[in-house]
Amino acid sequence: MKIFPAEMHYLIDKMTGLAGEAFGVIKPKDTSELVEALKYAKEHQLNIIVVGANTGLSGGTLPRKRDLIIDLSGWKTILDFDEATRTLSVEAGVTLNQIYDFVEQKGYFYPPDPGAKDATIGGNIATNAGGMRAVKYGVTRDYVKALEVVLIDGTIVTLGSLNQKDSSNYDLKDLLIGSEGTLGIITKAWLKVVEKPAESSSLIASFSEITTAINSVSRILNAGVLPASIEFFENNGLKFAEEYNQRTLSIPDDAAYLLLTLDGDKEDILQAAGAVEEVLSNATSLSRLSSAEATAAWRLRDDIAAAVQAKTIAEPVDIVVPISQISQTLAFLKQKASELKLEIVTFGHAGDGNIHALILRGALSDVHWEQLIVQYLDEMYQFINQIGGLASAEHGIGLMKRPYYLKYLDDNLHQLYQRIKVAFDPEGRLNPGKKI
């Protein structure tokens with residue numbers, strides 16, 4: 001077993017620029033080497049942090065001095081596909097792009113669609129990643145049938161099963177999903193895939209103000225239309241993405257946009273598109289996109305965060321609020337940024353209340369930036385709590401959101417979560433300082 005020095009990509013949070021340090025890195029070849037690494041960590045009282053593609057946005061894998069990093073990004077084998085049960089079994093380091101390509105060749109579809117397509121499935125499961133298709137298809141949790149998990153003491157367990165029903169066991173599988181590496185190490189997953197939609201079609205609408213765009217979403221849903229995706233973004237975010245990709249969309253230079261995808265049979269899509277067009281009659285413009293135009297539009301939407309990150313340090317926000325509160329929340333976010341003279345880029349999943357925002361550091365000094373961002377986040381999370389929202393929808397709590405998450409967490413729930421943590425990790429050595 002070889003311990004490597006931790007290279008910089010393990011030690012720097014790409015979005016925020018936060019820096020950590022580590023004892024070293026181990027890249028186990030298989031489960032037996034992983035168990036050996038856990039025994040070594042036990043003997044030397046080292047903490048364990050598991051990493052994959054390092055695409056996280058909440059400091060969830062940022063290490064500290066006594067942390068041993070276990071890198072599973074090399075575990076890229078697609079193990080089996082059982083067409084009878086529509087089950088794909090994969091190692092934890094398999095990427096979303098690998099999964100998409102494999103199942104599409106078989107005529108199937110894996111719906112979860114987070115922004116980072118090079119993210120590993122282990123990381124997606126650890127954060128219960130959502131993405132753009134969640135409004136119709138749900139999130140990662142909805143597509144995990146079973147997990148192989150290695151516990152901190154080296155015990156290997158399989159949680160869940162391929163059965164469609166189970167009233168026999170505690171649902172420990174769902175407990176591990178979204179646990180951010182604090183309860184066990186996910187090494188293998190059995191995933192549900194579904195039949196690939198026959199066709200899909202994308203539309204883009206522009207609006208003179210973001211409130212009009214957001215308020216149109218509930219009207220679309222109330223009209224009986226369930227798009228695969230409904231995304232909103234604003235002009236400044238689009239400009240970042242267009243510069244980053246060196247391409248532009250042939251749409252009006254307006255304040256805000258809705259980008260939708262409809263999928264299913266051709267007749268269903270035509271009917272749904274007609275209903276959407278009727279609802280969005282108040283839009284400045286509305287276009288049905290060709291296949292090439294849709295690919296370009298979704299690429300630009302996908303790349304907003306990466307485009308901002310390429311320009312400046314930014315504080316990523318991943319909050320979820322009731323759909324009825326999206327407009328009010330966006331108004332608060334922008335007003336607070338204006339008061340503090342901060343630049344903000346907002347976008348997100350309009351169909352499920354998941355708002356993303358990037359607070360840009362720009363040319364601010366370390367001290368000034370720290371003062372302003374702490375004030376902004378304190379007031380933002382207080383507001384979110386008051387309207388019934390939550391600190392994270394799909395990025396996880398990690399290191400960055402933990403103080404705000406714990407501040408508004410019910411004390412009884414906190415104690416219960418701590419007891420669960422102790423049951424899985426008695427010495428608290430799995431990704432310490434994150435989440436609970």
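The values are calculated or read from the model by the stated rules, or taken from the named source; none is laboratory data. Note that the structure is a prediction, hence the values are computed from the model and not measured. Every residue, glycine as well, gets a Cβ built from its backbone with ideal geometry; the counts of neighbours run over all protein chains shown. Ligands, DNA and RNA are excluded from the accessible area calculation, which covers all protein heavy atoms including side chains. Shrake-Rupley method; radii C 1.70, N 1.55, O 1.52, S 1.80 Å.
Starting from the Cα-Cα distance between D366 and Q418, subtract it from 0.36 nm times their residue separation and give me the gain in nm to one decimal.
That works out to 15.3 nm of additional length.
So what is the relative contact order of segment 41-196, in percent, for Cα pairs below 8 Å that sit 6 or more residues apart? Can you show the working numbers first?
Values: 293 pairs, mean separation 38.4, N = 156.
For segment 41-196, the relative contact order is 25 percent.
Note down the relative contact order for the chain as a percent, whole number, built from C-alpha pairs under 8 angstrom at least six residues apart.
On the way: 859 pairs, mean separation 72.9, N = 436.
Reported relative contact order: 17 percent.
What accessible area per residue, rounded to a whole number of Å², is obtained for segment 4-75 using a probe radius of 1.4 Å?
Ligands and nucleic acids excluded, the result is 46 Å² per residue.
For Cα pairs less than 8 Å apart in space and 6+ apart in sequence, what is the mean separation divided by the residue count of segment 276-358, i.e. the relative contact order in percent?
Relative contact order for segment 276-358 comes out at 30 percent.
Run through segment 150-215 and list the chymotrypsin sites (Phe, Trp or Tyr not before Pro) located in a DSSP loop whose Cβ has at most 15 other Cβ atoms within 10 Å.
Loop-located and lightly packed - Y170.
Ranking request for peptides 390-396, 173-179, 278-284: highest mean number of other beta-carbon atoms within 10 Å first, then the rest in descending order.
Put in order of decreasing packing, that is 390-396, 173-179, 278-284.
Expected output is a single nm value to one decimal: the length gained when fully extending between L11 and S218, i.e. 0.36 nm times separation in residues minus the C-alpha distance. What is it? Present the calculation step by step, with values, prior to reporting the outcome.
Details: separation 207, 0.36 × 207 = 74.52 nm, distance 4.22 nm.
Length gained between L11 and S218: 70.3 nm.
Which Cα, out of T284, A53, I12, lies furthest along the positive dipole direction of the chain (beta carbon charges, K/R +1, D/E -1)?
Towards the positive end, the residue furthest out is I12.
In debye, nearest 20: dipole of the chain around its Cα centre with unit charges on the Cβ of K, R (+) and D, E (-)?
The dipole magnitude comes to about 840 debye.
Gain in length, R66 to S167, computed as 0.36 nm per residue apart minus the alpha-carbon separation, to one decimal in nm?
32.3 nm
Using Rg and Dmax of the Cα atoms in Å as the read-out, say which of (i) 25.5, 81; (ii) 21.9, 67; (iii) 41.5, 144 was calculated from these coordinates.
(ii)
Check cross-link reach from K14 to the aspartates and glutamates: straight Cα distance under 12 Å, and skip same-chain residues fewer than eight apart.
Answer for K14, where 12 Å is the Cα cut-off: E315, listed by chain and number.
Give the calculated FRET efficiency between D118 and L18 to the nearest 0.05, with a Förster radius of 30 Å applied to their Cβ-Cβ distance.
Computed FRET efficiency for D118 and L18: 0.90.
Just list whichever of K27/K117; K29/K106; K165/K196 have alpha carbons separated by over 26 Å in the model shown.
Where the Cα-Cα span goes over 26 Å, the pairs concerned are K29/K106.
On a C-alpha basis, how far is the centre of segment 316-338 from the centre of segment 73-105 in Å? Whole number, if you could?
The distance from the Cα centre of segment 316-338 to that of segment 73-105 comes to 36 Å.
Could you give the size of the charge dipole of segment 43-194 about its Cα centre, using +1 on the Cβ of each K and R and -1 on the Cβ of each D and E, expressed in debye and rounded to the nearest 20?
Using Cβ point charges on Lys, Arg, Asp and Glu, segment 43-194 gives about 300 debye.
Could you compute Rg(Cα) / (2.2 N^0.38 Å) for segment 230-325, with N its residue count?
In units of the globular-protein estimate, segment 230-325 measures up at 1.21.
In segment 126-195, what percent of the accessible surface is made up of carbon and sulfur (1.4 Å probe, ligands and nucleic acids excluded)? Could the numbers behind the result be given before it?
Numbers: 1440 of 3120 Å².
For segment 126-195, the apolar C and S fraction of the accessible surface comes to 46 percent.
P(r) tail for segment 53-199, what percent of Cα pairs lie past 29 Å?
That fraction is 13 percent.
Counting only heavy atoms of the protein chains, get the accessible area per residue of segment 318-387 (1.4 Å probe) and round it to a whole Å² value.
41 Å²
Charges only on Cβ, +1 for Lys and Arg, -1 for Asp and Glu: so what's the dipole of segment 364-436 about the Cα centre, in debye to the nearest 20?
With only Lys, Arg, Asp and Glu charged at Cβ, the dipole is about 320 debye.
Run the helix sum for the chain: -39,500 (n - 2.57) per DSSP H stretch of 4+ residues, divided by residue count, reported at 222 nm to the nearest 500 deg cm²/dmol.
-10500 deg cm²/dmol
Hey, any idea what % of segment 288-436's accessible area is carbon plus sulfur with a 1.4 Å probe?
Answer for segment 288-436: carbon and sulfur cover 52 percent of the accessible area.
Probe radius 1.4 Å, ligands and nucleic acids ignored: give me the carbon and sulfur share of the accessible area of segment 1-125 as a rounded percent.
50 percent
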